[in-house]
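The values are calculated or read from the model by the stated rules, or taken from the named source; none is laboratory data. What you are looking at is a predicted structure, and each value in this text was computed from that prediction instead of being measured. Neighbour counts are summed over all protein chains in view; Cβ atoms, including those assigned to glycine, are modelled from backbone coordinates with ideal geometry. The accessibility values were calculated without ligands, DNA or RNA, using every heavy atom of the protein model including side chains. Shrake-Rupley method; radii C 1.70, N 1.55, O 1.52, S 1.80 Å.
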Amino acid sequence: FSGDEGNSFLSFGVLNHKVEVINALGICGEKISVCLPYGTDVTNLKTVFTTNGEKVYVGDIEQESGLTVNDFSSPVTYRVISKQGIAREFEVKIYCFDLPVVYLSTPQQIPIFSKDDWVKESSICIWNIDGTIDNLGSTGVKGRGNSTWKYPKKPYAIKLDKKSKVLGMPKHKRWVLLANWMDRTLMRNHIAFAISKCTKGLAWTPRGEYVELILNGSHVGNYYLCEQIKIDGNRVNIDEMESTDIEEGAITGGYLLEMDMNYDEVNKFRTIIRNLPVNIKDPDEEVLVAKQFDYIRNYLNQVERTLYADNFSLDGHSYTDYIDVNSFIDWWFVHELTLNGEPRWPKSSYMYKGRNGKLFAGPVWDFDWGTFIPDCFSYCINGAIWYNRLFDDPTFVNTVKKKWTETKILFENVVKEIDNTEVKIRNSDNINIQMWPIDQNTNGDESMEFTEAVDRLRQSYLDRISWLNSAINNL
């Protein structure tokens, strides 16, 4: 890092028992964040630096690179004296992490105030837990979310300039940093995704990894870096449409839709019977043409007409000719197991249709609000979207029972992921909750200690499996 000529450090690192353990920094003006592995003894560290200044002091003690020992249990201020006698101070703070660290910097440390406008020419790199660094290059960054964008700890959207693998996840440009501010366990989204991955009907579920985020040189806490829902061979694997795809066959897909009461996409419509708000996510407004819009609107309306017709059929077609039943059942499983009532609005309810294919439910998304609540012994979303009518069909009910019997043991095994995640992020939570205390009651565990909140989530999940097992078998 650099500053005015003659009075700035040129490089900086830390030694622990004469071994260089990290050279990844967060720099914001005259504040420097250094990341070290969790458990490092920070009371006895040596700094490695080069400077074109004359001398470097901590207090009254002159510093020698690689030799002088300092106690970093609290921030240490380095004073650099130039040859002209000008002094400049740098505060160095040590953070000890056992998660990957994401360094995200905007040009001139421009604040991210908008969820509509990209801050372009930002940079991003990741310090892995093995000490290696992945430079992901230039990126755009903006805020994201509806209600979550209003919270103190902000979520972000990332758009890399070129497709890159991120923390072992397949290449793509688009990623999200979920803040999970309202979630005392930090794991509701992650565990919901783990549940979804147990199913066969949900073809793709977002992958994610926990990270620490350094934004413009300041540590801003624990984040969940995960894949954004996009059409791609490694994500929602359907054809990506062009404006010219208007002939028979080509016009049939692919479409990525979100049923959401925010109703905030450029291209949107409401269904003819249930008045459901459908947002067309892809093709977006730069691609979608009128014939494509009419096609997908007519298709969903045909789903509703057929489903709500006598005997679940219309003009010689069953509703099963239009929707993939297995995906709708597995999507229902995930929401019932987590007690996610978002589809009741509806909100964050994704569906997609591939070329010459049926309408599929999924991927699942958004599980940090009012989920994994104990002592709830009723169905959560049976009145949502089309489920009230689907459960009128005895064939659908029998398929639900069969799939539940096949998948129940896999759902029970998710408890192991709860246990593993608790261990993985416990140390990170110790720092995060001090930075971002929760001041609203959303999930009922906000005032609990981390372990207590995780125990509550685990037991709520086990109780939910038990109740659903009885309820589904008695349908």
Subject >> Distance violations [Cα-Cα > 27 Å] among LYS154/LYS408; LYS291/LYS358; LYS268/LYS353; LYS163/LYS281; LYS165/LYS268 >> reply: LYS154/LYS408; LYS165/LYS268
**OP:** Please give the peptides 322-330, 73-81 ranked by average Cβ packing (other Cβ atoms within 10 Å per residue), highest first, as a rough proxy for protection.
**Re:** 322-330, 73-81
Original post:
At a 1.4 Å probe, what is the % contribution of carbon and sulfur to the accessible area of the stretch 358-475?
Top reply: 49 percent
Subject >> Gain upon complete extension [ASN128, ASP98; 0.36 nm per residue less C-alpha separation] >> reply: 9.9 nm
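If you place +1 on the Cβ of every Lys and Arg and -1 on the Cβ of every Asp and Glu, how big does the dipole about the Cα centre of the stretch 338-383 come out, in debye to the nearest 20?
Dipole of the stretch 338-383, to the nearest 20 debye: 420 debye.
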Original post:
Along the charge dipole of the chain, which of ILE133, SER196, GLY53 sits closest to the positive end, that is, farthest toward it, with unit charges on the beta carbon of Lys, Arg, Asp and Glu (+1, +1, -1, -1)?
Top reply: SER196
Original post:
Taking H as built 1.01 Å from N, whose amide H comes closer than 5 Å to the amide H of THR51, not counting residues under 5 places away?
Top reply: LEU10
Original post:
Over the chain, what is the mean sequence separation of C-alpha contacts under 8 Å (at least six apart), divided by residue count, expressed as relative contact order in percent?
Top reply: 12 percent
Subject >> Which of LEU256, VAL92, ILE418, positive extreme of dipole for the chain (C-beta unit charges) >> reply: LEU256
Original post:
Can you give the charge dipole size of the stretch 171-266 about its Cα centre, rounded to the nearest 20 debye, using +1 on the beta carbon of Lys and Arg and -1 on the beta carbon of Asp and Glu?
Top reply: 760 debye
Original post:
Using alpha carbons only, how many degrees (0 to 90, rounded to 10) separate the axis of helix 394-435 from the longest principal axis of the chain?
Top reply: 10 degrees
Original post:
Just going by the charge dipole of the chain, with Lys and Arg at +1 and Asp and Glu at -1 on Cβ, which of GLN108, VAL397, LEU36 is farthest out on the positive end?
Top reply: VAL397
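Would you mind getting the Kirkwood hydrodynamic radius of the chain from its Cα pairs, rounded to one decimal in Å? Spell out each step's value before the answer.
Values: mean 1/r = 0.0404 Å⁻¹.
By the Kirkwood definition, the hydrodynamic radius is 24.8 Å.
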Original post:
Contour minus end-to-end for ASN298 and ASP284, with contour as 0.36 nm per residue of separation and end-to-end as the Cα-Cα distance?
Top reply: 3.2 nm
Subject >> Whole-Hz couplings from phi, Karplus 6.51/-1.76/1.60, listed for the stretch 355-370; x for Gly and Pro >> reply: 5, 6, x, 7, 7, 10, 7, x, x, 7, 6, 6, 10, 9, 10, x
Original post:
When the accessible area of the stretch 249-316 is computed with all protein chains present and a 1.4 Å probe, what percentage of it is carbon and sulfur?
Top reply: 44 percent
Original post:
Sequence-distant or interchain residues sharing an amide H contact under 5 Å with SER318, placed H: which?
Top reply: none
**OP:** Report the label-to-label distance for LYS162 and GLU121 in nanometres (one decimal), using points 7 Å from each Cα along the Cα→Cβ vector.
**Re:** 1.9 nm
**OP:** Pop a pseudo-label 7 angstrom from the Cα along the beta-carbon direction at both ASP455 and TYR57 and give the gap in nm to one decimal.
**Re:** 5.3 nm
Subject >> Protection-proxy order for peptides 436-445, 60-69, each taking the mean of Cβ atoms within 10 Å per residue, highest first >> reply: 436-445, 60-69
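Residues of the chain: accessible area per residue at 1.4 Å, in Å²?
That works out to 44 Å² for each residue.
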**OP:** Mind checking which aspartates and glutamates have their Cα closer than 16 Å to the Cα of LYS46? Skip sequence neighbours fewer than 8 apart in that chain.
**Re:** GLU20, GLU62, GLU64, ASP71, GLU91
Subject >> About the Cα centre, charge dipole magnitude for the chain (Lys/Arg +1, Asp/Glu -1 at Cβ), debye >> reply: 400 debye
